[in-house]
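Heads up, the thing below is written out as structure tokens.
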Amino acid sequence: MFLIVSKYLIPKGYRGMTLYPFVIIRNFLDKENKVLLNHEKIHIRQQVELLILPFFMLYFLEYLFRLLQFRDKNKAYRNISFEREAYANENDLNYLQKRKIWSFFRYLKPEKYD
């Protein structure tokens, strides 16, 4: 993993982004944020499992599907299975040591919203 700090490469409203093998973060202080870095490391593992390019294709297709489903950009983003896995486990700094391959499949079912 190569860590890059750049406020210009990250879309507004986001703190980090992973493009294997790079993790790009907006704020220099986030270099010490273990939870954020763990979230991005989970994405690194997901990307490697899916051989990188298929990850991005599935991510984009699932985002489009969730956007049609929820008609809300934030709800669509938060319900992408890759994001759900990363957010659910970002606080567990040992998650990657015990994570089973393709664990994101368990997060395909979206959250229920009122």
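The values are calculated or read from the model by the stated rules, or taken from the named source; none is laboratory data. All values derive from a computational prediction rather than experimental measurement. Neighbour counts run over all protein chains shown; Cβ positions are idealised from the backbone, glycine included. Accessible surface is based on the protein model in full, side chains and every heavy atom, while ligands, DNA and RNA are left aside. Shrake-Rupley method; radii C 1.70, N 1.55, O 1.52, S 1.80 Å.
Points to keep in mind about this one:
- Residues of the stretch 102-114 that turn out to be within 24 Å of P11 (Cβ to Cβ) and assigned to a loop (DSSP other than H, G, I, E, B), as a count: 3
- Test result for I44, surrounded by 13 or more Cβ atoms within 10 Å (Cβ to Cβ) and within 18 Å of V23 (Cα to Cα): yes
- Qualifying residues in the stretch 12-28 (those that are open to solvent by 60 Å² or more (accessible area, probe 1.4 Å) and among the hydroxyl-bearing types (S, T, Y)) - the one modelled with the highest pLDDT: Y20
- Residue count, the stretch 57-101 (criterion: without any contact (Cβ under 8 Å) to a residue 40 or more places away in the chain and assigned to a loop (DSSP other than H, G, I, E, B)): 6
- Only residues that are over 18 Å from H43 (Cα atoms) and out of contact with any helix residue (DSSP H, G or I) (no Cβ under 8 Å at 6 or more places or on another chain) were counted across the stretch 66-114, and they come to 7.
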